[in-house]
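Notes follow once the structure below has been shown.
The values are calculated or read from the model by the stated rules, or taken from the named source; none is laboratory data. Computed from a prediction, not measured in an experiment: that's the story for all the values here. Please note: Cβ atoms are built from the backbone with ideal geometry, for glycine as well, and neighbour counts cover all protein chains shown. We work out accessible area using only protein heavy atoms, side chains counted, and drop any ligands, DNA or RNA first. Shrake-Rupley method; radii C 1.70, N 1.55, O 1.52, S 1.80 Å.
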Amino acid sequence: MAGLNKVTVDDINVKGKKVLVRVDFNVPLKDGVITNDNRITAALPTIKKLVADGGKVVLCSHLGKPKNGPEAKFSLAPAAARLAELLPETKVTFAADDTVVGDNAKKAVAEMADGDIVVLENTRFRGAEETKNGEGFAKELADLVDDEVFVMDAFGSAHRAHASTAGVTKFVKETAVGYLMQKEINYLGNAVETPVRPFVAILGGAKVADKLNVISNLLEKCDTLIIGGGMAYTFLKAQGKEVGLSLVDDTKIDYCKEMMAKAEKLGKKLLLPIDTTVAAGFPDPIDAPIDVEVVDSDKIPADKEGLDIGTKTQELFGEAVKSAKTVVWNGPMGCFEMPNFAKGTIAVAQAMADLKDATTIIGGGDSASACNNLGFGDKMTHISTGGGASLEFLEGKELPGVAAANDK
């Protein structure tokens, strides 16, 4: 994965050509209204570039997880309408076809002038999108743009070998990555493969099982690995500590022992919580007052569970971050949605935000939500748009949607 150098939208000439662009318009909707348009605005630089260069821009994306073919609640119509509002000078047409590449799409594309945009319906309305036999659908998508140009700009879907992310590349003459993909490859790829040191990696979230390969891969790459969140309790139990009612994956105890041994063998620091914020259970509602106490990590009461890192751990992790030149963070330090258990996640975000001349990268998913919700979003060098994709990148895996784009 090191040294990824892909053909980008700056390297291609699209004037007068039809360009199929895979974007990530998988936006949250409530009663048909978009509640957060970040993913649409993130795609604008690539779209504007292709429009300005005189391309006929055809956008495709999935939205949600429709189970049985087309479902009105998963239509991309609201996303197309929002895009039209964001680009008032540009003609944006929504092609409402249950088959994605139907009569409406073909007619809309045939009538395009240079610089126009057509938004196709949800790619997952076609079952073939997600299956191994999606070649027919991929070919239809390519034919819609006369097999000319495909631009991949949906990092959040790059770990899926779907018809609209990787399959279509077999049928077009030119492929490139958009600005969003390029940024993700540059930051996530280079941070892990060629980091400026010291390189500190921070992993949190609930389950060790979700991050098995990430832990192993990052131990080989980083100087210090910090582990917090629910997954820390399996490590603490592997050290022989009593963890009370805390979340533990007993099938991964031996794996945690192996990882601690690996860190020691490689001369890497592996930091675990030294104290823990505990309670008898979750508050209901989430901001209801409950009894919370901070105890040392080897003194968790049998009837309590750890729900956040403690104050001494916040300082320990903060100190480790202070000296870093590259920090990659994936996964919160506790149940950050609940005010009682957000302090650890806030402390880590603050420590990263305070760094002056370091590269700080948030690896998508819950950490991205936490960072943005807690007001630290604009203080980070890069916040990944892909949860699952960024995790697989951190594992050192080759992502199908990245691999399928042409190298320079």
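Computed quantities for the displayed model
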{"quantity": "Extension gain from residue 90 to residue 379, taking 0.36 nm per residue of separation minus the Cα-Cα distance", "calculated": "100.8 nm"}
{"quantity": "For the range 80-229: span of alpha carbons on each principal axis (Å, largest first)", "calculated": "56, 37, 30"}
{"quantity": "Projected label distance in nm at residue 207 and residue 67, using a 7 Å step from Cα toward the beta-carbon", "calculated": "2.0 nm"}
{"quantity": "Rel. contact order, % - alpha carbon contacts under 8 angstrom, at least six apart, the range 261-325", "calculated": "37 percent"}
{"quantity": "Accessible area per residue in Å² at 1.4 Å probe, computed on the range 11-143", "calculated": "45 Å²"}
{"quantity": "Relative contact order, percent, the chain [alpha-carbon distance under 8 Å, six or more residues apart]", "calculated": "17 percent"}
{"quantity": "Under 18 Å from residue 325, Cα to Cα: lysines that are on another chain or at least 8 residues apart", "calculated": "221, 268, 269, 356, 379"}
{"quantity": "Between the range 57-130 and the range 193-220, the Cα center-to-center distance that results, in Å", "calculated": "37 Å"}
{"quantity": "Within a Gaussian network of the chain (alpha carbon springs, distance under 10 Å), most fluctuating of 194, 99, 123", "calculated": "194"}
{"quantity": "Cα convex hull of the chain - mean projected area over all directions, nm²", "calculated": "20.3 nm²"}
{"quantity": "Nitroxide proxy distance, nm - points 7 Å out along Cα→Cβ at residue 251 and residue 403", "calculated": "2.6 nm"}
{"quantity": "Whole-percent carbon and sulfur share, accessible surface of the chain, 1.4 Å", "calculated": "49 percent"}
{"quantity": "Cβ-based net charge around residue 295, under 11 Å, with every Lys or Arg adding one and every Asp or Glu removing one", "calculated": "-2"}
